[in-house]
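Below: one structure, written as structure tokens.
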Amino acid sequence: MIIHEHFDINENGHLTIGGLDAVELAERFGTPAYIIDENAIRARCREYLGAARCEFGEDALVLYASKALCFTGIYKLAAEEGLGIDCVSGGELYTAKRAGFPAERIYFHGNNKTDRDLSDAIDMGVGRIVVDNLDELAALSREASKRGIVQSILLRITPGIDPHTHKAIVTGNIDSKFGSAIATGQAMEIVKAALASKGIDLAGLHCHIGSQIFDVDPFADAADIMIRFIADIKRECGYEIRELNLGGGLGVRYTEYDREISYTDAIADIAKIVRSFCVTHGIKMPKVLLEPGRSLVAAAGATLYTVGSVKQIPGFRTYVSVDGGMPDNPRYALYQSQYTALIANKADKPKDLRVTLAGRCCESGDLIGENMELQSAERGDILAVLVTGAYNYSMASNYNRIPRPPVIMVKDGEAKVAVRRETYEDIVKNDVL
Ligand SMILES: *Cc1c(COP(=O)(O)O)cnc(C)c1O
């Protein structure tokens with residue numbers, strides 16, 4: 001096992017992903033390629049849903065925050081596993097629809113939904129629209145009234161929690177482009193506006209405090225604040241909030257320096273706290289929703305590359321360059337995210353090099369990591385970066401007109417193309433002049 005149990009080493013000393021030889025996968029599908037272990041995702045879906053129903057009650061729902069890894073097949077998988085989904089754009093809604101995802105289990109998010117997004121979402125019959133602000137509430141009320149329907153919504157509330165993760169991915173603070181803050185009075189203002197709006201059914205509240213969180217404490221703080229707020233709404237407006245969506249954000253082990261985390265235990269701890277706060281504040285236990293993205297899909301993925309140039313700069317460092325980089329994994333450039341890398345065809349050899357892993361773009365910041373431990377690398381080696389299932393393919397770009405890699409799903413000893421590799425023809429297909 002390397003970091004997660006579906007990464008291992010076989011008798012040839014090669015890395016295996018879900019039991020398949022990574023070097024053979026690279027030969028068969030080419031590089032770079034995203035490899036996703038389907039069983040690892042399904043196991044996480046079952047763990048989350050099982051724990052949520054056991055701890056919060058049978059009506060609890062787990063929504064897959066699909067921005068983490070988005071393509072048609074993943075929505076089919078989420079539907080089969082009985083999850084709901086969180087979509088944040090017209091493009092994600094369109095993909096979910098194409099996959100035949102049940103519309104009533106779609107929650108539509110976003111801090112700046114366009115009028116077209118709102119119309120599309122209503123016409124698709126999405127279960128809930130998570131309304132971010134007063135402008136959007138007014139626009140949605142107009143669209144719903146025009147059609148003579150009542151749209152169920154959640155309101156995105158900012159509880160004002162700093163979960164002590166990287167600033168760029170903290171979204172629960174008061175100073176945030178997302179939602180309405182309780183502390184400023186804007187949250188109560190939008191609740192009252194929603195209750196007074198035509199064509200709007202206020203089903204519940206939503207908060208999302210950040211990402212890559214390993215402690216339960218920030219969730220406990222958020223739940224405390226949200227449940228107090230539900231009690232305030234009951235007192236001030238005489239209205240009972242029925243649903244509480246506590247967002248996503250539980251962490252994932254990327255390197256051996258990250259802690260192990262049990263999602264079952266985390267959910268049990270959060271549930272205990274939610275139940276006790278409901279009793280303390282005298283409200284009925286709402287239907288609880290959890291909204292994980294990263295923790296459902298990150299660990300399942302690995303990216304395979306071919307090593308090109310290896311450049312030792314005496315007195316400085318060793319650059320190992322691969323045939324991908326920031327176009328397929330922008331997370332080091334964005335957040336200095338840490339990863340585990342290894343040479344797939346030398347996986348049983350000691351890591352005796354310390355390297356900077358570089359991409360192939362004309363951009364000095366095009367790095368996958370610095371100070372990474374690696375086996376001695378040479379041109380032609382297959383290099384694997386582990387735990388790339390989340391926010392890699394979904395954040396990929398065509399910078400430098402580099403085609404996006406394919407997504408290969410492995411399951412029970414078989415590998416299938418889920419998203420094919422882009423071609424140069426794909427790259428120019430929208431060029432009109
Ligand atoms: C990104 C996001 C999530 C998922 O966060 P993870 O850290 O990937 O679990 C959930 N809800 C909302 C609203 C988000 O924006």
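Bear in mind that the values in this text are calculations on the coordinates, not laboratory data. All figures in this text were calculated on a predicted structure; none of them were measured in a lab. Quick reminder, even Gly has a Cβ in these numbers, built from the backbone with ideal geometry, and neighbours come from all protein chains shown.
Once the piece of chain linking N371 and D123 is laid out straight, how much longer is it, given 0.36 nm per residue of separation minus the C-alpha distance between them?
84.3 nm
In region 109-292, what is the count of Lys pairs whose alpha carbons are under 15 Å apart, counting only pairs at least 8 residues apart or on separate chains?
Lysine pairs meeting the criterion: 7.
By counting other Cβ atoms within 10 Å of each Cβ, how are R401, R242 ranked from fewest to most?
R401, R242
Once label points are set 7 Å from the Cα along Cα→Cβ at both K198 and E425, what is their separation, rounded to one decimal in nm?
5.2
How much of the calculated P(r) for the chain lies past 38 Å, in percent of all Cα pairs?
Pairs farther apart than 38 Å: 26 percent.
Give me log10 I(q)/I(0) at q = 0.16 Å⁻¹ for region 277-379, Debye formula, one equal scatterer per alpha-carbon, no solvent.
These q points yield log10 I(q)/I(0) values of -0.73.
Per-residue HN-Hα couplings for region 246-257, Karplus 6.51 cos²θ - 1.76 cosθ + 1.60 at θ = phi - 60°, whole Hz, x for Gly and Pro?
8, x, x, x, 5, x, 9, 7, 9, 9, 5, 7
Note down the relative contact order for region 295-433 as a percent, whole number, built from C-alpha pairs under 8 angstrom at least six residues apart.
29
If each of A268 and E236 carries a label point 7 Å out from its Cα toward its Cβ, how far apart are those two points in nm?
Modelled inter-label distance: 3.8 nm.
Roughly how many nanometres apart are two label points built 7 Å out from the Cα toward the Cβ at R379 and E256?
3.2
Restricted to Cα positions, what overall size does region 109-292 have along the principal axes? Three whole-Å values, descending.
Taking max minus min along each principal axis of the Cα atoms, region 109-292 gives 54, 36, 28 Å.
For helix 217-237, report the angle its Cα long axis makes with the longest principal axis of the Cα atoms of the chain; keep it between 0 and 90° and round to the nearest 10°.
Helix 217-237 and the main axis of the chain meet at about 20 degrees.
Rounded to the nearest 10 degrees, what's the angle between the helix 186-196 long axis and the longest principal axis of the chain, both from Cα atoms, 0 to 90?
The helix 186-196 is inclined about 60 degrees to the chain.
Taking the Cα centroid of region 377-394 and of region 25-60, what is the distance between the two, rounded to the nearest whole Å?
About 19 Å separates the Cα centre of region 377-394 from the one of region 25-60.
How high is the relative contact order of region 109-292, in percent, counting Cα pairs under 8 Å that sit 6 or more residues apart?
Dividing the mean separation by the residue count of region 109-292 yields 19 percent.
Peptides 381-390, 321-330, 409-418: what's the order by average Cβ count within 10 Å, highest mean first?
For the peptides 381-390, 321-330, 409-418, the packing ranking is 381-390, 321-330, 409-418.
Quote to one decimal, in nm, the extra length available between Y94 and S276 on full extension: 0.36 nm per residue of separation minus the C-alpha distance between them.
Separation in residues times 0.36 nm, less the Cα-Cα distance, equals 61.5 nm.
Using the beta-carbon distance between R116 and S397 and R0 = 25 Å, what value does 1/(1 + (r/R0)^6) give for FRET efficiency, to the nearest 0.05?
Working from the Cβ atoms, E equals 0.60.
With the contact rule set at Cα under 8 Å and sequence spacing of 6 or more, what percent relative contact order holds for the chain?
Relative CO of the chain lands at 19 percent.
So which aspartates and glutamates can K97 reach, going by Cα to Cα under 16 Å and dropping same-chain residues fewer than 8 places off?
Output for K97: E80, D86, D117, D120, D123.
Quick check for you: which residues of region 346-366 have the amide N under 15 Å from the point 7 Å beyond the Cα of E24 toward its beta carbon?
No residue qualifies, since no backbone N sits under 15 Å from the label point.
Report, ordered by chain and residue number, the lysines lying within cross-link reach of K411, taken as a straight Cα distance under 21 Å and ignoring same-chain residues fewer than 8 apart.
Correct list for K411: K76.
Distance between Cα centroids, region 192-218 to region 302-330: provide it in whole Å.
42
Extension gain S309-D348, at 0.36 nm per residue separation less the Cα-Cα distance, in nm?
Stretched fully, the S309-D348 segment lengthens by 11.8 nm.
Using a cut-off of 12 Å between beta-carbons, work out the net charge of the residues near R128 (Lys and Arg +1, Asp and Glu -1, R128 not included).
-1
Would region 7-106 count as rounded, prolate or oblate if I go by the C-alpha gyration tensor, calling it rounded below 1.5 in a/c and otherwise prolate when a/b exceeds b/c, oblate otherwise?
Judged from the Cα gyration tensor, region 7-106 comes out oblate (a/c at least 1.5, b/c at or above a/b).
Ignoring everything except DSSP H segments at least 4 long, calculate the 222 nm mean residue ellipticity for the chain; use -39,500 (n - 2.57) per segment, divide by total residues, nearest 500.
After summing the helix terms and dividing by residue count, I get -9500 deg cm²/dmol.
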